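Let me begin by presenting the structure, written as structure tokens, before commenting on it.
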Amino acid sequence: MIKFPIYLDSHSTTPVDPRVLKTMKPFLEEEFGNASSRFHLYGRRAAKAVEDAREMAADLIGASSAEEIIFTSGATESDNLALKGAAEMYRERGNHIITTAIEHKAVLDSCKALERKGYEVTCLKVDRQGLIDLEELRVAINDRTILISVMAANNEIGVLEDIGAIGRLAKERGVLFHTDAAQACGRIPLRVEELGIDLMSLSSHKMYGPKGVGALYVRKKNPRVRLVPLIDGGGHERGLRSGTLNVPGIAGFGAACALAKKEVPADSARLLSLRERLRKGLFDSLDSVFINGSMERRLACNLNVSFAYVEAESLLIELEKEIAVSSGAACMSANPEPSHVLKAIGVEEDLLHTSIRFGLHRFNTEEEIDFTVKRVAEAVRKIRAQSPIYGLTRGPAAAKENPAHTGREI
Ligand SMILES: *Cc1c(COP(=O)(O)O)cnc(C)c1O
């Protein structure tokens, strides 16, 4: 039995794993203590839950000490703290930051805010695959560079940057390296020591945990990274993030980390097979379908495709009752702006508004994928049948004359 609408939008958020919820529940009920109240059992039990979660998060990412995990409200806050906190702390050393054109807005807009304060930002371009050029990064580093921020996995096209190579380069040049791993953590193995990561943003609700909680990994040794906090107050989280800790959220996030550590290998193999089933199904049923970004270096759960001649918005409306997906472009807003990621990888103008992002999750089934293929193909054909341009250039008559219209991978 399929439960409708089928959820295939796991890059915007994942369902909460029932095992995570079970861990959280006591902290919303009888264990309501404040983790900073050291003088009674309520407080001490809450503090223990927080410290256990810290260990689990540290263990998942291979941190050398649990103290390197700073709990925040999510990856947006972690990105802000990493960029603005490092920029302010190392202002004497330099004022130059390097990032990429396909980062999440939390990074890009933090960079813009820093530019307004006199920092200089180099924004690296990416190729057709969505990958930065390491040589270009090498050349961009100068003696005023304090921080490189490159995301581990992209939230629209799922492309995986070569984080290890960037980490090595950053080390060689004595520059701090931050990575936004909101999409990567819990989906691929990420070990901060092996990858040379100094700062890493995590988000609980992208890995089957609750919303409103995340973490920033802050390296304590080789080198010891120092940050100026964004939020001042009671001095929680080593003074880097004041405010009463979200104990149920943090406990849930910890459980999500422990599950990820145990289940990532099996999960990703299964997701890869489901994703390939989806991809093959769509390509076998439709012509003029184009993949956005690298297929080789991509999260197992991601597929971002453009259905030529089909406005993504119309397709989403057509599918709404049965399938929950997103457009690659943020075209549902009042001000329809095509996605900065698709623009950065050079998607042609006429395909910019036709992309759909599928994000699979741990609980999807083959049955759901098969239904999705059938339903999407049907909806695409229906919309194309109403398109005068498709009829003229790619319709059944045109396709007969030009057998090349079978879709291609860019
Ligand atoms: C979702 C996401 C964020 C924001 O995370 P929140 O926890 O929702 O604040 C930041 N970066 C990337 C890459 C994301 O996918």
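Computed from the coordinates by the stated procedures, all read-outs in this text should not be read as laboratory data. The shown structure was predicted, so the numbers you read here are calculated from the model rather than taken from an experiment. No Cβ is skipped: glycine too gets one built from the backbone with ideal geometry, and neighbour counts run over all protein chains shown.
Summing +1 for each Lys or Arg and -1 for each Asp or Glu, what net charge is found among the other residues whose Cβ lies under 15 Å from the Cβ of E30? Residues near E30 contribute +3 overall.
Approximating the spin labels as points 7 Å out from Cα along Cα→Cβ, the S242-to-R191 distance works out to 3.9 nm. Extension gain, K321 to R297, is 5.4 nm, computed as 0.36 nm per intervening residue step minus the present C-alpha separation. Projecting the Cα positions of I197, A35, G85 onto the charge dipole of the range 18-260 (unit charges on Cβ atoms of Lys, Arg, Asp and Glu, taken about the Cα centre) puts A35 furthest along the positive direction. Overall, the chain carries a charge dipole of about 780 debye about its Cα centre when +1 sits on the Cβ of Lys and Arg and -1 on the Cβ of Asp and Glu, all other atoms neutral. Ordering of 5-12, 188-195, 75-82, 231-238 by packing is 75-82, 5-12, 188-195, 231-238, highest average first (other Cβ atoms within 10 Å, averaged per residue). With a cut-off of 8 Å between alpha carbons and a minimum separation of six or more residues, what is the relative contact order of the chain in percent? Relative contact order, the chain: 22 percent. Placing unit charges on the Cβ atoms of the charged side chains and taking the dipole of the chain about its Cα centre, the candidate lying farthest along the positive direction among L124, P18, S64 is S64. Within the shell defined by Cβ-Cβ distances under 14 Å, the residues around V139 carry a net charge of -2, with Lys and Arg each +1 and Asp and Glu each -1.
For the range 4-144, the relative contact order comes to 13 percent (Cα pairs under 8 Å, sequence separation of at least 6). For the range 18-260, a/c is not less than 1.5, where a ≥ b ≥ c are the root eigenvalues of the C-alpha gyration tensor, and a/b tops b/c. That puts it in the prolate class.
Each residue, D284 and S12, gets one label point 7 Å from its Cα in the Cβ direction; the gap between the two is 3.0 nm. Packing-based ranking of 358-365, 373-380, 269-276 yields 358-365, 373-380, 269-276, ordered from highest to lowest mean Cβ neighbour count within 10 Å.
Fraction of C-alpha pairs exceeding 42 angstrom in the chain: 17 percent, rounded to a whole number.
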